[in-house]
Amino acid sequence: MPPLTGLRVLDLTRVLAGPYCAMMLGDMGAEVIKIEEPAEGDDTRSWAPHRKGWSTFFLGLNRSKKSLAIDLKSDAGAAVLGGLIDTADVLIENFRPGSLSKLGFGYERVAARNPRLVYCSITGFGQTGPRRRLPGYDAVIQAESGLMDVTGHPDGPPTRVGVAITDYLAGLYAMNGILLALRERDRSGRGQHVDIALLDAMTSTLALPAGVYFHTGEAPGREGNQHHTLTPYETMAVRDGLVVVAAGNQRLWRQLCAAVDSSDLLDDPRYATNTDRMRHRSALIDELSRRLGRFTCEELIARLRAHTVPCGQVRRLADALEDPHLHERAMVVEIPHGSLGSMRSLGNPIRLSRTPAVLDRPPPALGEHNAEILAELARSSGARGGAAEAPGVAPDHAQAAPAAPRQPSVTPQGAQR
């Protein structure tokens, strides 16, 4: 049985960071109820490309969930959410600070209603600070955090990382914050507010360049595929591609030289230590490029691995995703899907020996679980039927393709690429 079995999570998030966090909790057994606006649902349901009406972006971030389509601005929709809050362990939201408070579901009111609830807010800039009300999207945070300043080649412009890294980091930090708050609830019996900001999450990863700046007053710039403190630790061009060589210490430097028949470099005083090699990096890389350029990727990697030198081919994404190692590790999985037959998805990277993740619930259609959730809520509250037909509560359906997108009345956070 997955470790979070028995927990109920209300997912009031859209786009990436929040949905990713909720999906990870769902993989680990939590019952995740994704609460969506009835007309279009999560913004990403309309994002191209599509497969048989399903957004591939949405498919990648919303397995292990149920979908409930309700209008939180209606009395009926608000009543349903209130009833669910009474039964929930966790609520995750990524609305702009203050927006949910206007709807009656800010942290203070919700905590008064259910003191055991762990309430997690994911925003661009956090719940405090002068920029707390600004919308935060991945590209904006990559720029504002300084990440782009250290990404790219020295003679080129600052460059964005190729995936929405700030969202994934925030989603992972949110998951950790939620689990920590649940652990503390085991002792105190009380929930608390988990405040996650995309800017905080991204800034936390800049420890190495920040350390240089804090202690020298000078910030490292863009270095392309090189490393600002180690060499050789970079891509090397060979006959048919690029290979990353990571000689991260003196032992590996010696093993690299042995692997490529270059032991003479060990006697060169310019390359005696990493400090020496950094001082003469340009000359060293020119020399290594000449020597390594005669190999193919396969030949060089075979030599380096035989000498246990960390290395890897710079591969196309399609090749990387077909790697048998990833499939053996269940990082690429097949999930049954009602209208698609089956869908391939990335797996859950958290591997537990006794209670592993279970990935058997495909992403839901918009409002797919309305009848199930509303009936259960009616039973638990002692209410009579009819809630599914009330204004503001969408009827149960299985909508594969969302309608044309429109602007939401309450702006969510959660960065998009």
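The values are calculated or read from the model by the stated rules, or taken from the named source; none is laboratory data. The structure presented is a predicted model; accordingly, all values stated were derived computationally and were not measured. Using ideal geometry, Cβ is built from the backbone for each residue, glycine included, and neighbour counts are taken over all protein chains shown. Areas reflect the complete protein model, heavy atoms only, side chains present, ligands, DNA and RNA absent. Shrake-Rupley method; radii C 1.70, N 1.55, O 1.52, S 1.80 Å.
Summary table
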{"item": "Structure-derived Cα Rg over 2.2 N^0.38 Å: which label, when the choices are (1) 0.98; (2) 0.92; (3) 1.16", "result": "(3)"}
{"item": "Under the Karplus curve 6.51 cos²θ - 1.76 cosθ + 1.60, θ = phi - 60°, whole-Hz ³J(HN,Hα) for segment 234-249, x wherever Gly or Pro sits", "result": "5, 7, 10, 7, 10, 4, 10, x, 10, 10, 7, 10, 10, 8, x, 7"}
{"item": "Per-pair calculated FRET efficiency, R0 = 56 Å: Asp360 and His215 via Cβ, rounded to 0.05", "result": "0.65"}
{"item": "Simple Cβ-charge dipole of segment 1-129, Lys/Arg +1 and Asp/Glu -1, about Cα centre, in debye nearest 20", "result": "160"}
{"item": "Amide proton proximity set for Ala357, modelled H, under 5 Å, gap of 5+", "result": "Leu352"}
{"item": "Residues with amide H under 5 Å from that of Val161, placed H, sequence gap 5 or more", "result": "none"}
{"item": "Charge dipole (the chain, unit charges on Cβ, about Cα centre) - positive-most of Gly382, Phe58, Leu346", "result": "Gly382"}
{"item": "Area accessible to solvent at Lys66, 1.4 Å probe radius, in Å²", "result": "20"}
{"item": "Label-to-label distance, nm, for residues given as Leu242 and Ser381 (7 Å Cα→Cβ offset)", "result": "5.6"}
{"item": "Value of [θ]222 nm, deg cm²/dmol, for the chain, DSSP H segments ≥ 4, -39500 (n - 2.57) each, nearest 500", "result": "-10000 deg cm²/dmol"}
{"item": "Rounded FRET efficiency, nearest 0.05, which uses the C-beta distance separating Glu328 from Glu298 and R0 of 25 Å", "result": "0.75"}
{"item": "Rough spin-label spacing in nm, given labels placed 7 Å along Cα→Cβ, for Thr5 and Arg113", "result": "3.0"}
{"item": "Accessible area of the chain belonging to carbon and sulfur atoms, whole % at 1.4 Å probe", "result": "53"}
{"item": "Alpha-carbon centroids, segment 1-80 and segment 104-171: separation in whole Å", "result": "19"}
{"item": "If the convex hull is drawn through the Cα atoms of segment 95-203, its volume per residue in Å³", "result": "98"}
{"item": "3J(HN,Hα) from dihedral phi, segment 272-281, Karplus parametrisation 6.51/-1.76/1.60, rounded to Hz, x for glycine, proline", "result": "5, 10, 4, 4, 5, 5, 5, 5, 10, 4"}
{"item": "Residues Thr56 and Ser342, FRET efficiency given R0 of 25 Å [Cβ-Cβ distance, rounded to 0.05]", "result": "0.95"}
{"item": "Peptides ranked, highest mean first, by Cβ atoms within 10 Å: ranges 236-244, 334-342", "result": "236-244, 334-342"}
{"item": "Segment Ala371-Asp319, length gained on full extension (0.36 nm per residue, minus Cα span)", "result": "14.5 nm"}
